[in-house]
Amino acid sequence: MPKKHLKEYHEHTTIPFPTGFLWGAATSAHQVEGHNIYNDWWEWEQRRPRQLRSGSACDQYHLYETDFDLAKELNHNAHRLSIEWSRIEPREGEFNISEIDHYKAVLKSLKDRGLTVMLTLWHFTLPKWLSDKGGWENSQAPYYFERFVQRIVPEIGEYIDLWVTINEPGVYIYKAYIERVWPPARKSLFGLIKTYLNLVSAHKKAYHFLHQSFPAGKPVGMANNIMSFEPYHKHSLTEQLAVILNDIFTNHLFYFLTQGTHDFLGINYYFHARFRHKGLIPETVGSSPQTHDVSDLGWEIYPEGIFDVLTDLSDEVPIYITECGIASTNDDRRNRFLITYLQEVARAIKIGVNVRGFFYWSLIDNFEWSLGFDPRFGLIEVDYQTQKRHIRPSAKVYSEIIKHNGIPHTLLGFIGHSAQADKILDKLHHYEKKVKFK
Ligand code: GBH
């Protein structure tokens with residue numbers, strides 16, 4: 001290309017994503033629906049302060065059409081959500097037909113809007129009847145899950161494009177058995193191991209059943225919380241050992257135990273951790289607003305980490321980023337997050353990583369488990385007093401990226417500026433008029 005065109009080329013092109021890339025957002029049933037009164041979380045919440053109970057949550061059980069209209073309006077072409085087992089099977093072996101019909105209507109309304117549907121079958125909550133029997137520690141738990149899957153899949157299968165069997169088994173055992181801030185909040189190494197292995201078995205059973213049900217093929221995977229680990233000192237052996245061990249347990253063990261049962265890898269990316277030794281024992285180095293750009297929860301904004309985990313897990317099967325998002329009431333920060341993280345995803349794709357989609361966590365503000373409603377992850381703000389939805393400016397930036405199936409270069413210039421997204425978009429539209437994006 002002649003030299004004089006280089007500048008123009010640089011400024012006016014979009015960082016492209018592959019054709020057919022899935023763009024959307026993710027939610028989970030208990031976090032958005034409200035009144036999931038037959039599950040273990042509901043029971044657990046009643047023992048906690050009122051503001052930490054899910055209650056009506058976002059009332060998406062009734063407002064799903066409003067929310068899906070907004071997703072559509074924001075150019076999303078895909079959506080990830082979960083169904084609530086305890087609604088469908090509120091008592092052992094008894095299936096509630098009207099709740100099954102409800103989910104058919106929900107899923108159909110996504111299809112009516114032309115969205116590709118990714119459905120999670122288990123996202124952290126258990127029917128109370130099962131938690132009373134020991135939950136995932138019960139040796140029969142994988143069979144109960146399989147029975148639920150066998151009952152529901154034929155009913156809703158026609159609406160689903162991609163299946164996620166289970167969400168973040170590693171996070172679940174950590175929260176429930178180590179931190180003990182989630183039910184069953186038990187101190188039991190045996191229980192922890194049993195739960196983990198039963199989740200392995202539950203995933204495999206669901207995988208095989210889904211494959212039998214749809215021989216023509218609907219991809220099946222699961223979603224793992226994948227972290228980017230680093231040694232603080234490049235040459236410290238103890239720190240490197242800490243990286244290797246954490247990497248094995250957090251990022252690879254579940255895949256290893258379920259080898260051959262993943263049509264794609266579902267990656268939830270939120271965390272970066274550096275290990276620094278104090279004496280012989282490596283500790284994680286924290287990030288603070290003084291030293292790092294962090295979310296409202298203090299989680300470090302570290303876009304390079306998503307490149308790291310994508311290249312690390314790049315394999316023969318495709319990857320979907322099943323969750324990635326930030327809790328922030330500062331929307332400039334969310335813009336910065338979206339643009340810089342997606343730039344790193346694009347970089348990974350450019351060097352050959354087969355990434356097929358990105359689901360921002362989350363479409364709307366929602367119930368963040370033990371932390372209640374304070375963390376604001378949504379592209380759309382929820383006013384919990386009125387259940388009104390307000391589109392955040394960052395949702396429009398995301399929508400613009402989707403429209404271009406890539407990141408317009410004009411957006412890059414604004415990373416780090418505190419300009420309002422509306423201004424960024426004005427500028428972008430001005431450019432578009434001038435240079436006509438393809
Ligand atoms: C994902 O977990 C989950 O899949 C999703 O449900 C969650 O909303 C999202 O990320 C954002 O956190 O209850 O004390 O543990 C990632 C791990 C799990 C860490 C929820 C923060 C909330 C505080 N996250 N946890 S607590």
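Values quoted throughout were computed directly from the atomic coordinates according to the rules given, and no laboratory measurement underlies them. On a predicted model such as this, the values are computed, not experimentally measured, just so you know. Glycine gets a Cβ as well: all are built from the backbone with ideal geometry, and neighbour counts include every protein chain shown.
Inter-part distance, the range 151-187 to the range 280-327, computed on C-alpha centroids, equals 22 Å.
For SER228, the residues whose amide H sits under 5 Å from its own are PHE271, HIS272, ALA273, ignoring neighbours fewer than 5 places away on the same chain, with H placed 1.01 Å from N. Checking the cross-link pairs LYS72/LYS396; LYS133/LYS187; LYS128/LYS205; LYS72/LYS388 against a 19 Å limit on the alpha carbon distance flags LYS128/LYS205 as lying beyond it.
Listed values for the range 70-80 are Karplus-derived 3J(HN,Hα) couplings in whole Hz (6.51 cos²θ - 1.76 cosθ + 1.60, θ = phi - 60°), namely 5, 4, 5, 4, 8, 6, 4, 10, 8, 8, 10, and x replaces Gly and Pro. Other residues whose C-beta falls under 15 angstrom from the C-beta of ALA242 contribute a net charge of 0, scoring Lys and Arg +1 and Asp and Glu -1. Across the range 286-364, the fraction of Cα-Cα pairs farther apart than 16 Å, rounded to a whole number, is 52%. The phi-based Karplus calculation (6.51 cos²θ - 1.76 cosθ + 1.60; θ = phi - 60°) puts the 3J(HN,Hα) values of the range 236-252 at 7, 5, 5, 5, 5, 5, 4, 4, 4, 5, 5, 4, 4, 5, 7, 9, 10 Hz, whole numbers, x for Gly and Pro.
Oblate is the label for the range 248-293, because the ratio a/c of its alpha-carbon gyration tensor axes (a ≥ b ≥ c) is 1.5 or higher and a/b is not greater than b/c.
Put simply, the C-alpha atoms of the range 110-258 give a gyration tensor, and the ellipsoid matching it has half-axes of 30, 21, 13 Å, longest first. Each label point was placed 7 Å from the Cα along the Cα-to-Cβ direction; for ASN354 and LEU245 their separation is 3.5 nm. Restricting the count to DSSP beta bridges whose residues both fall in the chain, what percent are antiparallel, rounded to a multiple of 5? Percentage antiparallel, nearest 5: 30.
In the chain, Cα pairs under 8 Å separated by at least six residues give a relative contact order of 19 percent. Across the range 102-117, computed HN-Hα scalar couplings (Karplus, 6.51 cos²θ - 1.76 cosθ + 1.60, θ = phi - 60°) run 4, 5, 4, 5, 4, 5, 5, 5, 5, 5, 4, 8, x, 8, 6, 10 Hz from first to last residue, x flagging Gly and Pro. The residues LEU192, LEU107, LEU412, LEU257, when put in order of fewest to most other Cβ atoms within 10 Å, stand as LEU412, LEU257, LEU192, LEU107. Between helix 141-156 and the chain there is an angle of about 60 degrees, using the helix long axis and the longest principal axis of the Cα atoms. If only the Cβ of Lys and Arg carry +1 and only the Cβ of Asp and Glu carry -1, the dipole of the range 16-434 around its Cα centre is close to 220 debye.
For GLU158, GLU230, GLU84, the sequence from fewest to most other C-beta atoms within 10 Å is GLU158, GLU230, GLU84.
Taking the longest Cα principal axis of the chain as reference, the axis of helix 331-350 is set at about 90 degrees. Taking amide H atoms as placed 1.01 Å from N in the peptide plane, the amide H of PHE373 lies under 5 Å from those of GLU368, each 5 or more residues away in sequence or on another chain.
Dimensions of the range 16-434 along the principal axes, based on C-alpha atoms and rounded to the nearest Å, stand at 62, 57, 48, largest first.
Arranged from fewest to most other beta-carbon atoms within 10 Å of their beta carbon, ILE301, ILE248, ILE166 become ILE248, ILE301, ILE166. Close amide H partners of ASP59, meaning residues 5 or more places away or on another chain with modelled amide H under 5 Å apart, are GLY34.
Angle of helix 189-213 to the longest C-alpha principal axis of the chain, folded into 0 to 90 degrees and rounded to 10: 80°.
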